[in-house]
1. Just to be sure, is N120 under 23 Å from H160 (Cβ atoms), surrounded by fewer than 18 Cβ atoms within 10 Å (Cβ to Cβ), in contact (Cβ under 8 Å) with a residue 12 or more places away in the chain and within 16 Å of the ligand (Cβ to nearest atom)?
2. Anything in segment 18-52 that is away from the ligand (no atom under 16 Å from the Cβ), outside any helix (DSSP H, G or I) and either touching a residue at least 24 places away in the same chain (Cβ under 8 Å) or within 21 Å of N163 (Cβ to Cβ) (or both)? List them, or say none.
3. In the list R12, R3, which residue meets the criterion of being in a strand (DSSP E or B) and either within 16 Å of the ligand (Cβ to nearest atom) or touching a helix residue (DSSP H, G or I) at 6+ places or on another chain (Cβ under 6 Å) (or both)?
4. Take segment 119-155 and flag every residue that is in contact with a helix residue (DSSP H, G or I) (Cβ under 8 Å, 6 or more places away or on another chain) and closer than 21 Å to R12 by Cα.
5. I need a count of the residues in segment 150-178 that are within 10 Å of the ligand (Cβ to nearest atom) and either within 12 Å of the chain's Cα centre (by Cα) or closer than 28 Å to S110 by Cα (or both).
6. Taking segment 135-161, which residues are touching a Leu at 6+ places or on another chain (Cβ under 9 Å) and within 23 Å of I100 (Cα to Cα)?
7. Of the conditions (1) without any contact (Cβ under 8 Å) to a residue 60 or more places away in the chain; (2) surrounded by 14 or more Cβ atoms within 10 Å (Cβ to Cβ); (3) assigned to a helix (DSSP H, G or I); (4) away from the ligand (no atom under 16 Å from the Cβ), K75 clears all except one; give me its number.
8. What about I93, is it of a type outside the set (D, E, K, R) and within 16 Å of the ligand (Cβ to nearest atom)?
Amino acid sequence: MLRVLAIVGSPRKGKNNDTLVHEMLKGIEETSIEPITIDKLYADRLNISPCKACGGCGRKRGCVLKDDMGEVYEKFDQADIVILSSPLYFNSISAQVKTIIDRNQAIWSSKYILNDSLINKSKKRIGYFICTAGMPEEPHLFDATLPIMELFFKSINTDHEGNLFVANVDEKSVMERKESLEKAYSIGSDLVGKMKAL
Ligand SMILES: Cc1cc2nc3c(=O)[nH]c(=O)nc-3n(C[C@H](O)[C@H](O)[C@H](O)COP(=O)(O)O)c2cc1C
């Protein structure tokens, strides 16, 4: 069974991020010969509070906040492939995505303070990041997202396989760009082979 978790980080359902995630998932689904379970979550529709920095996760395994993040921790743990998407907001990720990532502090504490990991550290997972920008392509447009993604995927013990960056979507959406849709599909398709090779 191949388990895929995709998180759409834009609040706009059916738009650029959602569409690229959809295509990547289609590529995975149509390539996998194993049975597959796909969880597609919309960050904006989850009830997830920001980290309160209470330190509770350093004293007792898990987060003291009881909200939808509990389910997300489990899904990170179970997933073979994790796709995270975000629109570029002020050169960074959306607040919805950042809120989820900050709550991974509970995973960090479980590993490095309590030595009682919330995530199975020996399980192989691969991850892909999708990010869209309204502005036209320019050097370094997506750079600020990179160190965040590096730590995010590290927090869930997932190999960060790559990034799909698409600029200028406010001028021309990905829905009107066959090459972007095909690229997302083919990345999804490749991820299946890469997962099997691990
Ligand atoms: C709050 C906000 C901040 C934004 N900041 C940027 C930015 O810094 N750079 C940029 O290129 N586009 C910026 N945009 C445009 C979005 O990146 C663009 O509309 C988004 O990628 C579209 O994705 P979606 O259709 O999935 O929502 C911003 C949009 C909003 C609403």
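Every number in this text was worked out from the coordinates using simple rules, so none of it is lab data. Computed from a predicted structure; not experimentally measured. FYI the Cβ positions are ideal-geometry reconstructions off the backbone, even for glycines, and counts take in every protein chain you see.
1. no
2. S32, E34, P35, I36, T37, I38, D39, L46, I48, S49, P50, C51
3. R3
4. Result: Y128, F129, I130, C131, T132.
5. Selection size over segment 150-178: 0.
6. L141, F142, A144, T145, M149, F152, F153, D159, E161
7. Status for K75: all satisfied but (1).
8. For I93, the condition - of a type outside the set (D, E, K, R) and within 16 Å of the ligand (Cβ to nearest atom) - is met.
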